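Just so you know, all these numbers are worked out from the coordinates, no wet-lab data involved. What you are looking at is a predicted structure, and each value in this text was computed from that prediction instead of being measured. Methodologically, a virtual Cβ is constructed for each residue, glycine included, from the backbone with ideal geometry; neighbour enumeration extends over all protein chains shown.
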Amino acid sequence: MRPAQATIDLKALCLNYQLASSLSGSKAIAVIKADAYGHGAVECARALEKETKVFAVAFLEEALELREAGILNPILLLEGFFEECELAQIDQYNLWPVIHSHWQISAIEKAKLLKPLTIFLKMDSGMHRVGFFPEDIPVAYYQLLATKKIANTTLMTHFARADELEIDYTKKQYSAFQEVANKLNLETCVCNSPALLAWPEIKSHWVRPGIMLYGASPFEHPQHSTNQLQPVMTLQSKIISVRTLPQGESIGYGGLYTTNKPSRIGVVAMGYADGYPRHAPNDTPIMVAGEKTRLIGRVSMDMLTVDLTDLPQAGLGSDVELWGKNILASDVALLAQTIPYQLFCNIKRVPRRFTS
């Protein structure tokens with residue numbers, strides 16, 4: 001059996017959720033969209049269902065997967081609904097849609113529902129993807145109330161640049177949001193992971209931790225606030241081949257690395273088809289046999305190569321950690337010019353093993 005696998009530490013997931021709750025003092029919605037950022041939505045939901053009151057996913061199909069697995073907690077649909085016909089299942093399965101467009105209000109007006117909906121009304125405070133502009137929120141809210149089909153409304157927004165600590169754009173968004181929230185006297189949902197970790201002055205009734213649940217930092221540079229996060233995913237494999245090359249030999253596609261001395265080269269069963277970033281450069285850290293070494297050469301679809309020259313204890317069958325508790329995914333992402341969110345979500349054909 002191919003040795004590549006991703007081990008998911010569900011205890012670490014719960015500890016990260018508890019940290020998010022303690023930082024906010026608010027009700028924390030566990031964001032498990034995109035298959036829990038590649039960690040396995042059903043298994044993560046089962047681990048967290050007694051910790052959190054509410055889960056959040058992107059859309060209806062992700063919510064139905066959780067319902068089919070027996071998850072009973074309310075589920076927030078962050079993209080809302082795309083067609084009027086979805087409201088029947090939203091009603092049936094106790095889902096909480098985000099309302100961000102006038103046409104959705106019209107759909108609710110026409111819908112025949114068994115019970116009133118719990119909704120999150122989205123304000124565009126500066127992200128400029130979806131949501132009502134601040135001046136349009138009161139009209140949208142009162143239109144929704146007039147339908148007599150709304151049980152509870154929470155006002156929400158999303159920060160565009162909360163991971164950029166040196167600028168004040170987040171404060172401007174929050175100020176615009178609070179001005180509207182104060183007028184309507186609604187519960188609020190604002191903080192995502194970077195806001196929870198680095199903007200303690202920003203408060204809301206609900207918070208939405210996402211990437212921090214999985215133990216990865218949302219920031220490009222190290223922050224003291226992320227030291228308590230525990231990595232949840234360990235991407236691992238083994239050395240499947242070892243060879244010794246003389247000085248002056250190039251390795252892999254494109255010859256991106258050339259040996260500068262006689263070198264021991266290990267081949268790892270892991271490639272970009274598994275989710276390891278193809279653009280990770282030479283010298284990206286990798287753990288082999290309990291010691292740090294480095295990636296050398298271009299990552300292939302199914303394999304990559306590492307330097308074993310200074311690791312005499314490493315050889316055929318040695319354990320390899322691509323990221324996890326020793327090699328942080330955020331460090332790999334930075335070198336590969338991407339973000340840990342994408343690394344996790346790109347995990348495809350690697351089997352997952354869950355521990356608690």
Legend entry - Relative contact order (%) - the stretch 14-53, alpha-carbon pairs under 8 angstrom, separation at least six: 46 percent
Inset, instruction - Counting only C-alpha contacts under 8 Å and six or more residues apart, can you give the relative contact order of the chain as a whole percent? - result: 18 percent
Inset, instruction - Would you mind computing Rg(Cα) / (2.2 N^0.38 Å) for the chain, counting N as its residues? - result: 1.13
Inset, instruction - Apply 1/(1 + (r/R0)^6) to the Cβ-Cβ distance of Asp319 and Leu165, taking R0 = 45 Å, and write down the FRET efficiency to the nearest 0.05. - result: 0.80
Inset, instruction - Find which of Tyr93, Thr284, Gly255 sits farthest along the positive direction of the dipole of the chain, computed with +1 on the beta-carbon of Lys and Arg, -1 on that of Asp and Glu, about the Cα centre. - result: Tyr93
Inset, instruction - Run the quick spin-label model on Val130 and Lys292: label points 7 Å from Cα toward the beta carbon, then report their separation in nm to one decimal. - result: 4.2 nm
Inset, instruction - Find how many whole Å separate the alpha carbon centroid of the stretch 225-301 from the alpha carbon centroid of the stretch 3-67. - result: 30 Å
Inset, instruction - Just check the stretch 10-214 against the gyration tensor rule for me: Cα atoms, a ≥ b ≥ c as the square roots of the eigenvalues, rounded for a/c under 1.5, and otherwise prolate or oblate depending on whether a/b exceeds b/c. - result: oblate
Legend entry - Difference of contour (0.36 nm per residue) and Cα-Cα distance, Glu65 to Tyr93: 8.9 nm
Inset, instruction - Report the local net charge at Ser26: Lys and Arg +1, Asp and Glu -1, summed over other residues whose C-beta lies under 13 Å from its C-beta. - result: +3
Inset, instruction - Take Ser101, project a point 7 Å from its Cα along the Cβ direction, then tell me which residues of the stretch 78-92 have their backbone nitrogen under 12 Å from it. - result: 79-84
Inset, instruction - Note down the magnitude of the dipole of the chain about its Cα centre, charges +1 on Lys and Arg C-beta and -1 on Asp and Glu C-beta and zero elsewhere, to the nearest 20 debye. - result: 520 debye
Legend entry - Inter-label distance for Lys261 and Asp331, nm, one decimal - labels placed 7 Å from Cα along Cα-to-Cβ: 2.2 nm
